[in-house]
Amino acid sequence: SINIQSILSRLGVDQYLMPFYTGAKHSETKKHGSAQSISPVDGQTIAVFDLIDEEHYNDVVEIAKKAFEQWKFIPAPKRGEIVRQFAERLRESKDDLGALVSYEMGKSLQEGLGEVQEMIDICDFAVGLSRQLHGLTMHSERPLHRMYEQWHPLGIVGIISAFNFPVAVWSWNAALAWVCGNVCIWKPSEKTPVTAVACQNIISEVLEKNGLPAGISCLVIGDRNTGELMSNDTRIPLVSATGSTRMGKAVGAAVGARLGKSILELGGNNAIIITPDSDLNMALIGSIFGAVGTAGQRCTSTRRLIIHESVYEAFKEKLINAYKQLKIGNPLDASNHVGPLIDESAVEMYLSSIEKCIAEGGKFVVDGGKLEGEQYSSGCYVKPCVAEVSADFEIVKHETFAPILYLIKYREFDEAIYIQNNVPQGLSSAVITNNLREAERFLSVSGSDCGIANVNIGTSGAEIGGAFGGEKDTGGGRESGSDAWKAYMRRQTNTINYSTELPLAQGIKFDL
Ligand code: NAD
């Protein structure tokens with residue numbers, strides 16, 4: 001067990017959170033604490049807080065705007081040096097921060113630590129990137145002319161994040177946004193504000209030590225109303241939002257209506273295709289980790305297995321046996337495989353999805369249900385379950401953020417690809433096969449329609465080096481590695497004439 005009080009004190013987090021933070025000196029408005037962060041691990045209240053009001057929100061935006069005026073002039077490699085120092089501080093705080101992520105969100109301690117590692121990794125990536133924000137040089141069609149492009153920062157980047165990756169997703173955005181010369185306003189999920197304050201404290205210390213304005217990193221504690229203020233705010237040129245498709249449609253519409261930019265990272269409905277040429281042991285590990293890891297609360301969680309009829313029964317038996325070995329309980333205890341859902345309303349959604357599945361004709365081969373008893377007193381622990389379904393059930397096309405795994409049988413590989421793609425979401429996908437033709441077909445233009453497509457790996461656990469995101473109802477945004485940084489900058493094309501003539505493009509003559 002962990003001593004949460006001493007972790008909070010080492011991370012400098014008070015049990016009363018302020019409605020906003022813009023550096024080491026926090027807002028002074030102490031009120032009643034109308035909202036709480038409750039740990040799904042044991043049902044204890046971690047901290048209380050009030051949501052930010054519009055007046056204070058406006059103050060924060062002005063503080064961020066002012067900070068941008070200084071930060072944008074600091075050379076990108078120097079900005080990278082600040083991100084490097086932030087990563088150093090994260091390394092020192094990794095154990096405390098990882099445990100806090102685990103306790104506030106409910107994921108396993110290993111996954112909590114992994115999330116902090118992901119923050120460190122993206123910072124390292126961003127440090128290198130700070131010397132590589134390259135533009136191209138083009139050949140002008142006109143003599144004695146030079147043409148090139150350069151990338152400038154946008155200004156304030158608004159980051160709206162989900163509860164399930166309470167800190168990593170912020171860092172994917174913030175580390176890139178900062179080296180690109182932007183300042184950030186982060187609105188974390190109202191379900192996980194404590195870990196956010198802990199991260200904000202760390203970056204604030206780094207900024208203060210370097211004599212930089214606090215407003216380079218701002219934190220606002222709010223719910224969807226604050227998210228809506230950000231989406232409608234013309235002072236925020238880019239809103240990067242991670243969460244449900246319902247949320248993303250609202251944010252996308254509001255930002256689009258003012259012709260702002262958005263990066264949308266929304267829900268998934270991820271499948272693994274298990275072919276006759278699969279290594280079934282690999283398929284088993286990938287499927288189970290994908291389905292029950294983080295209690296099925298990853299955007300990349302495996303929700304559907306599309307299994308060839310020739311291996312279907314054998315694989316189903318293996319799966320049922322493996323599910324019997326799963327230990328459910330306190331995620332801070334390393335012997336448990338599955339922790340709690342985030343809150344009781346998530347448990348209600350899980351139970352109602354099971355009912356809907358049964359009503360549509362689904363047959364559960366591993367039963368679900370809510371767990372009772374002393375070690376499950378938070379009311380958030382459920383049994384991972386498995387159902388045999390038909391691919392066209394409505395519930396199968398819906399993302400239930402819980403450990404429910406659907407089994408679907410197929411005959412022809414084309415049919416498997418059709419089933420894999422025939423859902424509204426398009427985030428992650430995988431095929432387990434030793435057959436080169438199937439693997440290449442799956443990755444081809446007529447294969448998976450997802451933003452992530454893997455061979456002999458499951459659907460979850462992406463690395464930061466690649467661009468992360470998905471298509472269709474997943475929102476189309478890309479974050480993290482590759483050239484995702486370009487979304488955080490504005491491109492400018494420059495043409496310079498160093499001749500003594502003024503020739504026009506396309507050979508146009510304009511004589512006076
Ligand atoms: P959610 O949509 O309920 O909330 C996400 C965030 O959006 C929160 O900060 C919330 O306050 C805010 N919000 C809600 N409605 C809003 C609105 N109308 N305008 C502005 N902001 C609003 O999601 P959640 O339950 O916290 O997270 C789970 C969901 O997130 C799942 O669907 C999961 O797949 C998705 N997710 C996607 C990715 C990805 O990268 N694709 C990563 C993690 C989570």
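Here, each number is a calculation from the coordinates, and none is a lab measurement. Model, not experiment: these values are computed from the prediction. Glycine also receives a Cβ, built like all others from the backbone with ideal geometry; neighbour counts cover every protein chain displayed.
Taking Ala283, is it within 30 Å of Ala391 (Cα to Cα), within 7 Å of the ligand (Cβ to nearest atom) and not β-branched (Val, Ile, Thr)?
For Ala283, the condition - within 30 Å of Ala391 (Cα to Cα), within 7 Å of the ligand (Cβ to nearest atom) and not β-branched (Val, Ile, Thr) - is not met.
Among what's in the range 278-316 and is in a strand (DSSP E or B) and among the hydrophobic types (A, V, I, L, M, F, W, C), pick the residue that is farthest from Lys409 (Cα to Cα).
The selected residue is Leu305.
Determine, yes or no, whether Gly222 is over 18 Å from the mean Cα position of the chain (by Cα), buried (at least 23 other Cβ atoms within 10 Å of the Cβ) and either near the ligand (Cβ under 10 Å from one of its atoms) or closer than 22 Å to Gly106 by Cβ (or both).
Criteria met by Gly222.
Identify all residues within the range 262-277 that are within 27 Å of His308 (Cβ to Cβ), within 10 Å of the ligand (Cβ to nearest atom) and either among the β-branched types (Val, Ile, Thr) or in a strand (DSSP E or B) (or both); write none if there are none.
Listed by number, the list holds a single entry, Asn270.
Among Tyr410, Tyr376, Tyr381, which is crowded, with 22+ Cβ neighbours inside 10 Å, among the hydroxyl-bearing types (Ser, Thr, Tyr) and over 30 Å from Ala484 (Cβ atoms)?
That would be Tyr381, the only listed residue that is crowded, with 22+ Cβ neighbours inside 10 Å, among the hydroxyl-bearing types (Ser, Thr, Tyr) and over 30 Å from Ala484 (Cβ atoms).
Please give the number of the condition Gly369 fails out of (1) loosely packed, with under 15 Cβ neighbours inside 10 Å; (2) under 15 Å from Glu394 (Cα atoms); (3) more than 16 Å from the ligand (Cβ to nearest atom).
Here Gly369 clears every test but (2).
Take the range 237-261 and flag every residue that is under 16 Å from Trp170 (Cα atoms) and away from the ligand (no atom under 11 Å from the Cβ).
Passing the criteria: only Leu238.
May I ask you to list the residues in the range 294-344 that are β-branched (Val, Ile, Thr) and either touching a residue at least 40 places away in the same chain (Cβ under 8 Å) or closer than 21 Å to Ser189 by Cβ (or both)?
Across the range 294-344, the qualifying residues are Thr294, Thr300, Thr302, Ile306, Ile307, Ile320, Ile328, Val338, Ile342.
Restricting attention to the range 390-416, which residues are under 26 Å from Asp343 (Cα atoms) and of a type in the set (Lys, Arg)?
Lys397
In the range 212-248, what residues are touching a Lys or Arg at 6+ places or on another chain (Cβ under 8 Å) and among the polar types (S, T, N, Q)?
Thr226, Asn232, Thr234
Of all the strands (runs of 3 or more DSSP E) wholly in the range 390-470, which have at least 3 residues that are in contact (Cβ under 8 Å) with a residue 12 or more places away in the chain, under 17 Å from the mean Cα position of the chain (by Cα) and within 16 Å of the ligand (Cβ to nearest atom)?
In the range 390-470, there are no strands (runs of 3 or more DSSP E) which contain 3 or more residues that are in contact (Cβ under 8 Å) with a residue 12 or more places away in the chain, under 17 Å from the mean Cα position of the chain (by Cα) and within 16 Å of the ligand (Cβ to nearest atom).
How many residues does the range 249-261 hold that are buried (at least 24 other Cβ atoms within 10 Å of the Cβ) and in contact with a Gly (Cβ under 8 Å, 6 or more places away or on another chain)?
Matching residues across the range 249-261 total 1.
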